[in-house]
Amino acid sequence: AANIGIDLLWPMITNAYGVGELSPRFVNTTLRKIINGEPLQFTAATQNYDFVYVSDVAKAFYLVTKNGKPFCEYVIGSGDAKPLKQFILEMIDSCGPECTPLFGDVL
C-alpha cells in the first residue's frame with residue numbers, strides 16, 4: 001500500500017457475533033444446539049476467547065478509519081477475554097438452563 005501511496009489501517013476482529021448471522025460459527029452453532037436441545041459436547045474449553053458484538057465491530061471500524069494511524073494494527077474485541085467454558089455456560093444460563101454440557105468430551 002505504501003508503494004502506491006495508500007495509508008493502510010489493519011483492523012483485526014477477534015470473534016464477532018450478532019443478530020441475523022446464519023453462519024456455522026461457534027456462537028451460532030452452540031446457541032442453536034441449546035435452543036434445539038441437541039447434545040452439547042466440547043473440548044475442555046480452557047482457552048481464552050474474546051467475543052465482540054457486531055455493532056461494536058462497526059463502531060470500532062469507524063473509529064479506526066477516523067483516528068487510526070497508518071500502517072498500524074488494531075485488534076477489535078471486547079477487551080474481556082476469558083475461558084471459552086465461561087462463555088458457553090453464560091449461553092446455557094441465558095437460553096437453556098436445563099441443558100447439561102459435556103466438557104472434555106471432544107479432543
Using the structure shown, decide if D105 is more than 24 Å from W10 (Cα to Cα), of a type in the set (D, E, K, R) and assigned to a loop (DSSP other than H, G, I, E, B). yes
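Would you say V52 is assigned to a loop (DSSP other than H, G, I, E, B), out of contact with any helix residue (DSSP H, G or I) (no Cβ under 6 Å at 6 or more places or on another chain) and not charged (D, E, K, R)?
Taking the combined requirement at face value, the residue does not satisfy it.
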Within the stretch 86-107, restricting attention to residues that are among the β-branched types (V, I, T) and surrounded by fewer than 16 Cβ atoms within 10 Å (Cβ to Cβ), which residue is modelled with the highest pLDDT? T100
So, in the stretch 68-85, how many residues would count as being surrounded by 14 or more Cβ atoms within 10 Å (Cβ to Cβ) and either on the phi > 0 side of the Ramachandran plot or in a helix (DSSP H, G or I) (or both)? 2
Could you pull out the residue among F26, F87, F61 that is among the aromatic types (F, W, Y) and over 19 Å from G104 (Cα atoms)? F61
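The values are calculated or read from the model by the stated rules, or taken from the named source; none is laboratory data. The shown structure was predicted, so the numbers you read here are calculated from the model rather than taken from an experiment. Positions of Cβ are generated from backbone atoms using ideal geometry, with glycine treated the same way; all protein chains shown enter the neighbour counts.
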